[in-house]
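The values are calculated or read from the model by the stated rules, or taken from the named source; none is laboratory data. This one's a predicted model, so the numbers in the text were calculated from it and none came from an experiment. Glycine gets a Cβ as well: all are built from the backbone with ideal geometry, and neighbour counts include every protein chain shown. For the accessible areas, the whole protein counts, side chains as well, though only heavy atoms, and no ligand, DNA or RNA atoms are used. Shrake-Rupley method; radii C 1.70, N 1.55, O 1.52, S 1.80 Å.
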Amino acid sequence: MISRLEDSFRQIQDFSDNVSHELRIPLSILRGQTELSLKRPRSADEYKRILRSNLEEIIRMEEIVEKLLFLSKADRGEIEINRYDVDISALLRGTYEQFNFQAREKKIDIKLKLNGPISVRGDDVLLSQLLLNLVQNAITYTPKGGEILLSACRNDTEAIISIADTGSGIPEEEISHIFDKFYQVDKSRSGGGHGLGLSICKWIAEAHQGRITVKSSLGAGSEFTLYLPV
Ligand code: ADP
């Protein structure tokens with residue numbers, strides 16, 4: 001029992017360290033920029049540039065806090081999950097359309113393969129957030145010229161949604177950690193993320209009695225597969 005207690009104290013400590021670290025960076029940028037801008041009078045254009053840059057940091061902090069609030073509400077069972085008939089193929093098509101422009105701007109060939117409607121019981125807003133996170137990650141971690149394939153099919157019991165990319169891949173020894181809160185394989189290539197998106201995806205999948213699996217090979221790409229009961 002003592003070792004379990006020690007484990008949970010350590011988890012709380014690690015969690016506080018991570019939150020402080022993630023918020024410290026945007027806060028110190030905000031402080032530095034504000035102090036510098038107050039050192040001497042500046043033109044209206046300069047103030048605008050500084051305010052715009054400060055706004056970016058504020059949005060970054062807001063995103064972290066919103067994701068953390070979602071996860072702590074989720075842990076306490078306080079997220080309301082609607083149970084509608086949702087066509088997951090239509091939801092995937094919507095996600096594809098939403099990211100089509102961003103992918104093309106990055107010269108990524110994004111394709112969609114569907115086999116007709118697939119109905120699952122669930123919350124369309126949460127499921128769409130899950131798909132959005134996975135596709136955004138695929139775009140973030142796939143370099144120019146890469147490919148992304150979004151597909152959905154079903155077997156007797158499950159809808160199977162796959163998001164496969166030819167991006168950077170994930171080292172084998174790190175795959176088991178990527179769903180942990182704040183875990184990032186390589187902060188320098190994170191594309192501004194905070195390592196919270198996949199924890200949210202996993203929670204949403206499990207709240208729908210589903211699961212997510214990952215196959216990845218370093219330098220060759222990743223495939224995230226979502227299974228949801230039909
Ligand atoms: P982030 O906001 O950093 O993207 P996530 O929780 O969504 O956080 O993902 C955790 C980590 O998993 C990422 O930092 C990245 O290292 C890795 N990862 C997620 N999706 C992919 C992908 N499609 N290809 C390569 N690495 C990925």
7 Å from Cα along Cα→Cβ at both Asp109 and Leu5: what's the point-to-point distance in nm? 6.0
Ignoring ligands, DNA and RNA, what accessible area per residue does the range 117-230 give at 1.4 Å, in Å²? 44
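Over the range 35-142, what per residue volume does the convex hull of the Cα atoms give, in whole Å³?
Details: hull volume 17.6 nm³, N = 108.
Per residue, the Cα convex hull of the range 35-142 comes to 163 Å³.
Just the number, please: percent antiparallel of the DSSP beta bridges in the chain, rounded to the nearest 5. Please list the in-between numbers first.
On the way: 26 of 32 bridges.
Bridges in the chain are about 80 percent antiparallel.
Give me the extension gain from Tyr47 to Glu62: residue separation times 0.36 nm, minus the current Cα-Cα distance, reported in nm with one decimal.
Taking Tyr47 through Glu62 to full extension adds about 3.2 nm, to one decimal.
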Could you list the residues of the range 53-78 with an amide nitrogen less than 15 Å from a label point located 7 Å from the Cα of Gln33 in the Cα-to-C-beta direction? 53-63
Expressed in square angstrom to the nearest 10, the accessible area of Phe9 with a 1.4 Å probe stands at 140
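Calculated from DSSP H runs of 4 or more alone, at -39500 (n - 2.57) each and per residue, what is the 222 nm mean residue ellipticity of the chain, nearest 500? Walk me through the numbers on the way to the answer.
Working: 5 runs with 115 residues, N = 230.
One gets -17500 deg cm²/dmol as the mean residue ellipticity at 222 nm.
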Once each part is reduced to its C-alpha centroid, what is the distance from the range 102-168 to the range 36-61 in angstrom? 37
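Apply the a/c threshold of 1.5 to the C-alpha gyration tensor of the range 100-230 and tell me whether it is rounded, prolate or oblate. Working shown, then result.
Numbers: a/c = 1.74, a/b = 1.28, b/c = 1.36.
It is oblate, given that a/c is not under 1.5 and a/b is not larger than b/c.
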Would you please put 134-142, 39-47 in order of how densely packed they are, using the mean number of other Cβ atoms within 10 angstrom per residue and starting with the highest? 134-142, 39-47
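What number in nm² do you get for the chain if you take the convex hull of its Cα atoms and divide its surface by four? Write out the running numbers ahead of the final one.
Values: hull surface 64.6 nm².
Seen from a random direction, the Cα hull of the chain projects 16.2 nm² on average.
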Under the Karplus curve 6.51 cos²θ - 1.76 cosθ + 1.60, θ = phi - 60°, whole-Hz ³J(HN,Hα) for the range 4-16, x wherever Gly or Pro sits: 5, 5, 4, 4, 6, 4, 5, 4, 5, 5, 4, 4, 4
State whether the range 136-207 is rounded, prolate or oblate according to the following rule on the C-alpha gyration tensor (a ≥ b ≥ c being the square roots of its eigenvalues): a/c under 1.5 gives rounded; otherwise a/b larger than b/c gives prolate, and the remaining case gives oblate. oblate
Give me the one-decimal nm value for the distance between modelled label points at Arg121 and Asn100, 7 Å along each residue's Cα-to-Cβ direction. 3.4
Carbon/sulfur fraction of accessible area - the chain, other protein chains in place, 1.4 Å, %: 53
Spacing of the two label points (7 Å from each Cα toward its C-beta) at Thr225 and Ile81, in nm: 2.2
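Once R0 is set to 35 Å, what does the formula 1/(1 + (r/R0)^6) return for the Cβ-Cβ distance between Gln209 and Ser20, expressed as a FRET efficiency to the nearest 0.05?
Numbers: r = 35 Å, r/R0 = 1.00.
Computed FRET efficiency for Gln209 and Ser20: 0.50.
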